[in-house]
Every structure is written in structure tokens, then in C-alpha cells.
Amino acid sequence: MNRFNSFSIEDQEYVLNLPYHFSKANMTGDLYRLLSEFEFLQYKVNSLDVHLLIEDYEYGQDNKDIKLIQKALEMSSDVIRRDKSEFAGQLLGRLQKYKKNDNITFLLEQAKECKDYPWLRPLVSNLRSARSALLYQLEEHSSVITDITITSDNKKAISTSKDKTLKVWDLTTGKEFLTLQGHSESVEGVVITSNDKQAISVSKDKTLKIWDLDSGKEIRTLGTNNLSDTNLDLESEKSGFRFFPFNIVKDVFDLVVGDTIKDIQNALQDTRYIVKPIGNGKRILSALESNDLTIWDLETGEQQFTLGGHDSLITTVAVSSDRQWAVSGSQDATLKVWNLKTGENTLTFTNHTAPITAVAIAPNNSQLVLSGAQDGVLKAWNLATGKEAFSSQGHENKIQSICISPHYKAVSQAACDATLNVWDLSTGENIVTFAGHTDWVTALTLTADGNGVVSGSKNGMLKVWDLDTGKEILYFTKDLPSTAAITALAVTSDSKRVISASSDAYTLKVWDLAADTEAQSLCSTVATTQQAWVWQPDNLLNAIAITPDSQRVISDLFDKTLKVWDLTTNQEHLRLIGHTREVNGVAITPNGKQAVSASRDETLKLWNLETGQEILTLKGHTDWVNSVAITPNGKYVVSASRDKSLKLWDLDTGTNRLALVGHNDWVNSVAITPDGQHAISASRDKTLKLWNLNTGQEILTFVGHYSPVNAVVITPDGTQAISASGGKVTSQDNSLKLWDIATGQEIKTLRGHSSTVTTLALTPDGEQIISGSFDQTLRIWNLATGDEIRTLTGHSSQVSAIAMAPDGKTVVSVSFDKTLKKWDLESDSNIFTFDQQHQTIVTAVAITPDGQRALSSSMDSTIKDWTLATGKRRSVFSQPGIVHTVAIAPNGQQAFASVSKFGELSALDLTTGQNLPLLTPKELVGVTAIAITPDNRRILCGVKKIFGASLKMFDLLTGSEICTLDGHKDWITGIVITPDGQQAISASRDKTLKVWDLTTGEEQYTLAGHTDWVWDVALTPDSQRLVSASHDSTLKVWDLKTCKEQFTFTGHTHSATGVSITPNGQWVVSVAGDHTVKVWNIRNGKELMAFSGEGAFTCCAISPDGQTIIAGELSGRLHFLQIKGLDSQQNNS
């Protein structure tokens, strides 16, 4: 029992204000200890609002632990406010990675022992770190958020949604302040009057509504019944991309994602519901799917003017900073300038040849207007002269937004484009391009001071740029997968916070632009404790080498130059300029005085590293030179080229001594044995070759990879080689292989990367190898065992090259994210991090019968094996495509998965950790769900068809089909088999469950009751009851004997995506798109406990002892949760 509960009512006020009293008395130690004492925190949270507890931490801002605890409370404040029983779980989920911090350790050890109520304890850090820039999430909308705006005092934010409401938020506390209801269709946008007292919303119901922001009351409606009912071609709620988090859990979706996001961008940017405040704030200007603009009087609700003249729909409007005039752009390819006092059309510009898609007016009442068009053309107009100021082909695709800063610069963003262009408005020149995003930019805004640009992309990344220098200042990564496009942004007027909305969630995220964050600042430590330094150049990086004394590093800039850095001071030493195309590789001579570079200009160059002077150029290749290696005596160089050959060069004379010919495709990499007598080459023809450097003869060919071989290194003793593989477009390899050089035999394969492995580096002792990959990670491997030791994360794009310092302590990596990172391999690291989890959607989880291990499958083409008690990863099974579902055989020795675009069946040996041959009968294509019979002899598969779906049963020994069960009208999403193997129950997107007799193959019953897709089904151990989870947000309990519905559980607010039942048959575990895991009493439907994550959950499983839950998220994150306090709850219920 909490000892603070024993205080009398008279003493409570004093106790609750102890932090204040300790602070006033300068009792700093007591203050820190109190703010780290779980029982006090819990007592205050239970007595008062969590915001008052957060304020207490302002007294302890000199202590880093206290600041971290405060940040954790801020980030979880909405969850704690909604359900105080989640208090301990939220603290553990955010703070467990800081186990070396004394105050935090003290707090967490107490939190683990919480016995006041049932709760779910995270076994590992499973929520965003307390040093994340994410302040909190605002999660009350029930559909997609369409717009955000912030009051001028930065105290409130207003969001609009397809749920037909507006919500007013308190930005200090994160609380919902008001919900504004009245529209009958989706609310598309909102503006706030200059005095912050009223808001005007625009809706697809063809009305504008004026709202009082103090009371939440609707003041009046401005009707537009005279407007024609035009189809906007926006996605329907059921099929639209914005609902993918709850629709794709077990579906096959590949190229659909790319197509749909493009549709979303078009829909978001082309929506023609426009409303702008004008004049003194008492009037508004609107264009609601019309050729005309309308000016309304907010006090009377009357139309003042109708501004007509366009021949087609108005697509965009900008209002001057003094709100006295406006510019409209139309599908008729014209712009019109309007006097808002008189309604007069003062100018018309007709130089565009394509529909106008964006318009902006320079601030400070400037007479300059910028317009962007469907064809990507950007034009500037001088309103004083009425003439075009300049024109440029700004982008290849349509320009979607333009922002103009007070400093006479503009930023433009186009559809399906990952870059932003910055323009000097005095000259019309494109002065810089922001190219840091790895996916299309979908949202753009300026900071209030006009010095920064905030951009959001299709893959959910926020970036902040310095408009003057063109440098990327910050980046914020979200917990959502690559399909989570950022759709709206708003920045507070003090430029301290940014609010974002995304295409796949019903939440707003509030970010701190000034936070002391992890994985945000590109000029300090990023993402992990191993990383010591980051350098951000102006261009992409592709190659790297470190001098023998470990003092300097050379990297290419992908701009035809190389840069030499001092690793002690982290300062630039000199630049090597001379190549006419990008540099692909670089090597340093053993004495550290010279370097050789390989370039796309088909040459190699020898450089003096003291002076930076070019010594000689080696010519002879007829295509790009991809790689270069120097013999141990420093006299010779071997180059590898896209012309399919290798060449041996004499560095003293610059002559080509030998040509090594034999590969059938590009040669990507080359390494030389320590004795300098042999070289091994890696090629796109999927082979490696061993060459005699004295004769030029090919000695051996190493065959085993089934994708291009991208890199090769040789161990210090010269006996083994390690190769890296993976294709650029589609890959079925993504592995490292260890080879015996003497025999050419493969020794072992190292798997773990989820995308192409591009580069390798060995530690000087030859015991460990570091690999870099397109999956944005570096991985460290033990060569003797083949085990992955740890993962280094921090890059936001493909890792293109790595180099190991001769001291064996430092690794330097370069990436397409345009950063060079130095890593300290001796620093202590957190073994379990999110980066060890999946890269994208977790599609299924399963637990072995002994409860020791769990498997998770993902759309990142992997199945991962975990130790359930600790949440630590054991191994990775790389698969040849997306993994849709996974199931473990009752004997615990094998697992089966549905893999790739077509849903073939894959098999895994859990005892050896090896993939077994694919089970691919011709009939077995399009598998969406699987279950294995209790005797381990048969497998039941849900197989999709053009119309409907079937269950097919196969013999696991022979692969022959036993029977086909037809009846479902849509895909089968889940299957369970009774313990006696006599019956099976299937769940389907046709909204039903079906009970089948497996002895006869007949359908026995259909269970109908859900109003939407059924995602999952679970069976009680006694086979008496079923529980189903549905897209209609409910769970239903069914009596299997009578096939009647017994209960409906209605606690989830979004799609229920997964369900499991504890072995005692008394409790139900469910996960849903509302970001929650819930535990229920199966007898009465009472919710017993919950845990709130930060993204939509997709699947769950419960351990055989009924104590541990594993739940997968849409983001790729896994949660290992221990059930606490349920025994006492059960006894009391």
C-alpha cells in the first residue's frame, strides 16, 4: 500500500506541495529523491492532474535525471490522464534505457513492484525515449486529421478531421479543450480570427461555420446551397490509404502503397475548399469548389461580394499581409488580383500554360507574387508594373506549395519529389536545393521568424532547414512505417514547437524544436551511445578510407571531390580536386602518405595527402571504376570496373601491368591478400573470383550468392574472405558469406540485414566484421560464431561505405543521408533497442509451446526469433519477400510462414535456425492465414481467390493436398484448430467466422454478427468458446457448441486487429488500431488492464504460462508486456 495514502486530509495539501517546500528550503537532495520516488508520484497523479506533477519538475531543472523524468511524464500525460493505472507502465516504457542514471534506476525499481492495481509491465523500452523531440500526442479524433492551425498566443491549436468535428487543444497541457460539432461532412480546413476568439471552418457539406473558441458554440453558418455538387475524387473511408493501418495487417500490398500516396497528395493539395480571413478580421474570403470567390461579413453572416471571372475552378488563393487584396489561381491557367474592399479585379495574368496549383504573396505588403503550375513552372509577378518578373522550370512535377520568407527568399515543393527548391526573389535564381528527404515531401511550412523551413515527407520524417545556409538543422523520425505520410504542419509563432498530422493516424504530434534530443541534431551525437561524431557535407557520400595512424579519414563528396578530415579535431584538413565525375572508391597506401581514388570518369588518381596535389592519373578502363585496392608493399594497385574487368597498375610508372578478365557483369569490389600475391573480386554476376596477381590467371570462382555481390574483404591471416550481397531493386539475399579461400567453399552465411548489404570492414584482429546496408544500419558480427553482436543506428538513408581504423576502436561510416559518422566500438551500448526490431509492419507473432521463444514476422521480409523473458533477439530468418503471417508447429521445432507477393509457404527449422526449402505446391498461392494440426502432420492454409477464398489442407510430409473447404466470400484472415484436430474455425473479411469439420471437410456453422472485416480469432483451451476481433472495433465471444454470440466487448475505439486467450481460459488479450493492448475478463467483458503504445497494433500472442504478452505494431516495434496484479484482481472479481 502507498504510504502517502495514510496522510490525513489536513496534511494532504502540504504533502502534495512538498517539491515546492523542498525547493524553497534549498533541500536539493531531498527534492531530487522525492521526484524520483514512485509512491509520491503515484500519490500526486491519483490526487491531482498529471500536469501539476509535471510542473513540480521545474524546481529540478539542474538535474538531467529529473529533466528526463519530466519529459517522460509530458510524453505520456494524455495516457496517464485517461487511465492512471498505466502510470507505472508508461514510466518503464520510456525510461528503462537509462538504467545507469541513479535517480531513474531508483524510480524504476519501485515502479516494477507496483501492486495497487492490475497493469502491464514493459520488459524492455518500448516507447519513445524521454529524450525524443516528441512532446506529446493529441489523440481524440476518430478519423483522419485534415488541417491544423495555432492561435497567435501559441496557447491553443485547432484541428479539423474527417470525423466531421473540430477540436481545440491546450498546447500547455496537451488536453482537449473543446470539440466543435455541427458539420455533416468532413471538415477540410480552419482559420482563426486575429483576436483568437473565433474560428471559421470549411466542410465538404458545402458550408462555412463560425465558432466561439471560448464556449465552443456555433455562432452562425454561412450556407452555400447554390454551389453545384462536384465530385472531389477523394478516397472512400474503407478503401482509402488513410485506413491502411487497420486494413493491411494480413493483406498483400506492394505497389498499391506507392500509387495511393500519390492520390492522397493530389487530394490533399487539390482540395478546393478555401477560406481566408481578410480586412480587420471581421470578414472572410472563401472559394468552395467554385469558379468564384465570396466575401462574407462575419457579424451578419451576409455575402458582401462575389468575385467572378475565372473560367474554371479556383484552386488556390493568397491574401496580402494587410488583408486588403488577394490573388487567386485557377484551373483556367490564370491568376487574378482582387481589391478586397471594392471586389474589383485589378489585374489578370495569363502567361501560364497549365492550371495554377500554388500561389504566395511576399510578406510586408510587397508587390511580388509567386505562382506555381501543374507543369512545374514557377513564375514571379510584379504587381506594381503588372508584368512577369521571372519564370523558371522549378520542378518536373506540379508545384504544390510555395512559402516566402521576410528575407526575400522562397521555398517551393512539388508532387512526387523528395526535394525543396529555394529561390532568390531578387534574381529569380534557384540558389539551393534541400535534398535530405528520402521520400516525397508532402507538407511544408516556414518558422515564424522566416529563418527556418519545416518539411514533412511521405515516410513520416520531419526535417528543419536553415534558409540562409541551406543546411539541415534537425530531423525528427516518427514511430510509424514508411507509408505514414505527413499531411499537415503548423509552427508556433515563437518557432519553438511544430505540430504534425499524418495520413495513417488520427493523432496530432507536438514536437519540441529546441529539445535536447536523441537522433535529431546533425551536429551532435545521433541515435546511439556508440556514435561519437557526425559530419554533414553538402552532397552525397559514397566512399571512405582511414589512414594507418588512425588520425585522418578520406571520404568522397559525390561532387567529384574528396575531403580529408582530421579524426582528432574533426576538422577538415584538405580537399582533393581533379576528377570530372563522382568518386566511387578510395584506398590509402600503407605509409599513409598517398591515396588512390576510383571514379565514374573511368580513371584512377594518385594523390599526395600532405599537399593535396594530384600525382598521376591512371587511364585504361572503359566504364566506371568502382573499387580500388593497394598491395601491402604500396607499389601496385588493383582496380575493379563496370567494364567487367580488373586491372593491375604500377604506381611508380602509372602503367597497366595486367588485365584480369572473366566476370560476366560489373566488378563491384576487390580485395588483396596480405601477401600481395592474390586478389579476390566481387561482381554483379553473383560470383567472386580469386586471381593470381603475378600471372593474371583466374584460380577459383566462389558460387553461392543469388544476388549481386557488392563487397569483399579478406581476413588478416589470408585464409578466409567475407562477401556482401543484395540487389538494388529486389533482393532475395541481403547476406554476408564467409569463404575458405583455399578451397572456395562457403563456411557460413550471416543474415540480419533487411536490405542490400553494400559495404564491409574487418577489425584488425579479424575476429569481427562490420557491415553496412541499405536498411540504414551497421551491424557488428562475430566471425567465429556468425552471431550478430549489435546494431549501430543513426543514419537516415542507405549506408554506402564504412572503414575500420587500424586501432580497432573506431569505425567511420558514410551514407546517402549525406552524413559521415564516427563510432566508438568500445562504448557501452543498450543491447535491446528499437532498431533491432522490424523496419516496418509486424504482421504476426507466435510463441513456442515451451514459452521460451517468440517469432515475429514483418513486411520487411524477415522473421525474427526472440527470447520471450528478456525481449532480446536471438536470430533472424531472412525471407525472399514480405512475410504475411507465421505459425509455430505444436512440437515447437518448425515454423511456417506465408511469404512474398504471391503468398508462398516458407518453412523454418527452429532447432538449427535455418530456412527449410519452400513448400510451394502449385495450388498453394496467395496464402493469407495458416494453422498446423496438433499432430504436426497437416497444415491448413487460407488461400485467396479471384472471388472469395478457400481453406486448403496439405500433408506436411508429402506436400499433397488433402481437401479444399470453400465458403468464404473474401480473404481469410485467421485460423484456429481445436486441440483434438477435429474442427477448424476461420475468420474472414466477409465479416463472418466459419466452423469446419476437418474429418469430412464440411462447413458446420457460420457465425455472423460483426459489421466489418473479422481480423483474428482465438479459442479457449477447453474448446468451449471463441473470441473474434473485428474492424468494427469490437470483440465477440461465441459459444462453440451452440454457435451463439455470448458477449460483445466494446472498449476499443478503432479496429481490433488481434486477439489471444490466456491458458486458463479466463482472460482475453486484444490489440487494436487505437494504439492499445487490453486484457478482458471473458466471463463478463470487463476490461481489467490496458497499455497504450504510440502506434497502431497489428497482432498479439500470450505465453503458455499466461504471464507475458508480445504485441506487434504497424511501425515494426514489438512490445513485451508482463501481466501484473491480475491474480488479486481475479480473486476479488
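Coordinate-derived values only; no laboratory data. Treat the numbers as computed from the prediction; the structure is a model and nothing was measured. Positions of Cβ are generated from backbone atoms using ideal geometry, with glycine treated the same way; all protein chains shown enter the neighbour counts.
Take peptides 950-957, 752-759, 347-354 and line them up by average Cβ neighbours within 10 Å, highest first, as a rough protection proxy. Mind showing how you got there, number by number?
Numbers: 950-957: 17.8, 752-759: 26.0, 347-354: 15.1.
Descending packing order for the listed peptides: 752-759, 950-957, 347-354.
In cubic angstrom, how much convex hull volume per residue do the alpha carbon atoms of the stretch 531-829 span?
For the stretch 531-829, the hull spanned by Cα atoms encloses 113 Å³ per residue.
Could you state the per residue volume, in Å³, of the convex hull enclosing the Cα atoms of the chain?
Values: hull volume 207.3 nm³, N = 1133.
Given the Cα convex hull of the chain, per-residue volume reads 183 Å³.
If we sort 738-749, 781-792 on the protection proxy, mean other Cβ atoms within 10 Å, highest first, what's the order?
Details: 738-749: 15.4, 781-792: 17.2.
Peptide ranking by packing, descending: 781-792, 738-749.
Below 8 Å, C-alpha to C-alpha, sequence gap of six or more: please give me the relative contact order for the stretch 364-431 in percent.
On the way: 139 pairs, mean separation 15.5, N = 68.
It rounds to 23 percent for the stretch 364-431.
Please give the length that would be gained between D494 and N26 if that part of the chain were fully extended, namely 0.36 nm times their separation in residues minus their C-alpha to C-alpha distance (nm, one decimal). Spell out each step's value before the answer.
Values: separation 468, 0.36 × 468 = 168.48 nm, distance 3.25 nm.
Full-extension gain reported as 165.2 nm.
If packing is taken as the average count of other Cβ atoms within 10 Å, what order do 56-63, 863-870, 160-167 fall into, highest mean first? Can you show the working numbers first?
Details: 56-63: 17.1, 863-870: 19.5, 160-167: 22.9.
Taking the mean over residues of other Cβ atoms within 10 Å, the ranking is 160-167, 863-870, 56-63.
Distance in nm between label sites at N1064 and T695, each 7 Å beyond Cα in the beta-carbon direction?
7.6 nm
Which FRET efficiency value, to the nearest 0.05, do you get for E109 and L52 by plugging their Cβ-Cβ distance into 1/(1 + (r/R0)^6) with R0 = 25 Å?
Values: r = 25 Å, r/R0 = 1.00.
My answer for the efficiency is 0.50.
With all pairs of different alpha carbon atoms counted, what Kirkwood hydrodynamic radius in Å does the stretch 692-801 show?
Numbers: mean 1/r = 0.0703 Å⁻¹.
One over the average 1/r among Cα pairs gives 14.2 Å for the stretch 692-801.
Please compute the length gained on full extension between D102 and T348, using 0.36 nm multiplied by the number of residues separating them and subtracting their Cα-Cα distance.
Stretched fully, the D102-T348 segment lengthens by 81.7 nm.
For each pair in K175/K1124; K748/K809; K156/K872; K67/K115; K44/K164, compute the distance between the two Cα atoms and list the pairs where it is over 32 Å. Present the calculation step by step, with values, prior to reporting the outcome.
Details: K175/K1124 29 Å; K748/K809 26 Å; K156/K872 42 Å; K67/K115 26 Å; K44/K164 37 Å.
Correct reply: K156/K872; K44/K164.
Less than 20 Å from a label point 7 Å out along the Cα-to-Cβ axis of D297: which backbone N atoms in the stretch 325-361 qualify, by residue?
Zone members listed by number: 325, 339-344.
Mind checking the full-extension length gain between T785 and R581? Use 0.36 nm per residue of separation minus the Cα-Cα distance, one decimal, nm.
Details: separation 204, 0.36 × 204 = 73.44 nm, distance 4.15 nm.
So the chain would gain 69.3 nm between T785 and R581.
Once you charge only the Cβ atoms, +1 for Lys and Arg and -1 for Asp and Glu, what is the size of the charge dipole of the stretch 308-384 about its Cα centre, to the nearest 20 debye? Don't skip to the answer; put the middle values down first.
Details: 4 positive and 5 negative charges, 36 e Å.
Using only the charged Cβ atoms, the result is roughly 180 debye.
Using the Kirkwood radius built from alpha carbon pairs, what does the Stokes-Einstein equation give as D for the stretch 834-989 at 20 °C and 1.002 mPa s, in µm² per second? Provide the component values of the computation, followed by the final result.
Details: Rh = 15.6 Å.
For the chosen part, D equals 137 µm²/s.
Taking just the alpha carbons, could you work out the radius of gyration and Dmax for the stretch 1012-1133, both in angstroms?
13.3, 39
Which value in nm describes the separation of the simple spin-label points at Q1024 and N382, placed 7 Å from the Cα toward the beta carbon?
8.8 nm
Please report, to two decimal places, log10 I(q)/I(0) for the stretch 3-132 at q = 0.09, 0.17, 0.18 Å⁻¹ as given by the Debye formula with identical point scatterers on the Cα atoms and no solvent.
Rounded to two decimals, the profile gives -0.23, -0.85, -0.96.
In debye, nearest 20: dipole of the chain around its Cα centre with unit charges on the Cβ of K, R (+) and D, E (-)?
Numbers: 105 positive and 131 negative charges, 125 e Å.
My answer is approximately 600 debye.
Which value in nm describes the separation of the simple spin-label points at Q324 and K945, placed 7 Å from the Cα toward the beta carbon?
Computed distance between label sites Q324 and K945 equals 7.3 nm.
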